[in-house]
Amino acid sequence: MPLLKVCGITDAVFAIAAAERGVAYLGLIFADGSPRRVSLTQAQAIVAAVRTTCPVPPRFVGVFAGQDVDEIVDVAEHAGMDVVRLHGQYGGEAVAVLKARGFEVWRLDCADGAGEDAVLLDGRDGKRTGGTGRLADWTRIATLRCAGRRIVLAGGISAANIAAAVATGADIIDINSSIETSPGVKSLSLLDALLANLPSLSEHSQSIETTK
């Protein structure tokens, strides 16, 4: 059973509710231009609320696109991120810097590894990568798994297809726009509908500690 991540978190109340339901990763977007972008102050408030409330809090993933590595390190450290997710032209040097600062690193759709901890498969829409609601190329998962890669599967995953997404063998399933009423506004009822199509997530919350 893969772990579950919810991306595009913008408020603490939903974040706490998702954590209580066994969601293992919560994503905060710092990329400019995203309708789900949060400020450093907002991120700090969300992280503090979740970590104060939840006995076993989820891991926090900071999503970055185009920022230089120094800025990423500064924001991720001050926001309390556990994982940095990179969209854009980031290579082995950037990955090494981030890992040296103690972050787990996920890198978008990288055919060749650069030392990242996981490869992210996400949907594309022209020049946009991520946040499109489009399916990723699931056919690549088998090849990546055979190569020993850890896979985060995102892009258009909803209550209707999450069982099929789980069956691909991806390590982490990443959901976002399918549980929103508008960009950045998550719906607990839509999350519950998605979770109803999964086995119990109790093992998710138990296994978070093993990934830290």
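The values are calculated or read from the model by the stated rules, or taken from the named source; none is laboratory data. Because the structure is predicted, anything quoted here is derived from the model rather than measured. As a convention, Cβ positions derive from the backbone with ideal geometry for all residues, glycine included, and neighbour counts pool all protein chains shown.
Of the set (1) in contact with a strand residue (DSSP E or B) (Cβ under 9 Å, 6 or more places away or on another chain); (2) under 23 Å from ALA19 (Cα atoms); (3) among the hydrophobic types (A, V, I, L, M, F, W, C), all apply to LEU144 but (2). Residues satisfying the criterion are present in the range 68-82 (criterion: among the small types (Gly, Ala, Ser) and over 14 Å from TRP106 (Cβ atoms)).
For the range 170-188, the set of residues classified as under 18 Å from VAL119 (Cβ atoms) and among the charged types (D, E, K, R) consists of ASP171, ASP174, listed by residue number.
The residue that is nearest to ALA196 (Cα to Cα), among those in the range 36-47 that are without any contact (Cβ under 8 Å) to a residue 12 or more places away in the chain and outside any loop (DSSP other than H, G, I, E, B), is ARG37.
What number of residues within the range 166-200 satisfy the criterion of being free of Cβ contacts under 8 Å to residues at least 40 places away in the same chain, in a helix (DSSP H, G or I) and buried (at least 18 other Cβ atoms within 10 Å of the Cβ)? Selection size over the range 166-200: 1. Restricting attention to the range 94-146, the residues being part of a helix (DSSP H, G or I), charged (D, E, K, R) and modelled with pLDDT of 95 or more number 1. Only one of the listed residues (GLY22, GLY33, GLY80) is more than 19 Å from VAL119 (Cα to Cα) and in contact (Cβ under 8 Å) with a residue 60 or more places away in the chain. That residue is GLY22.
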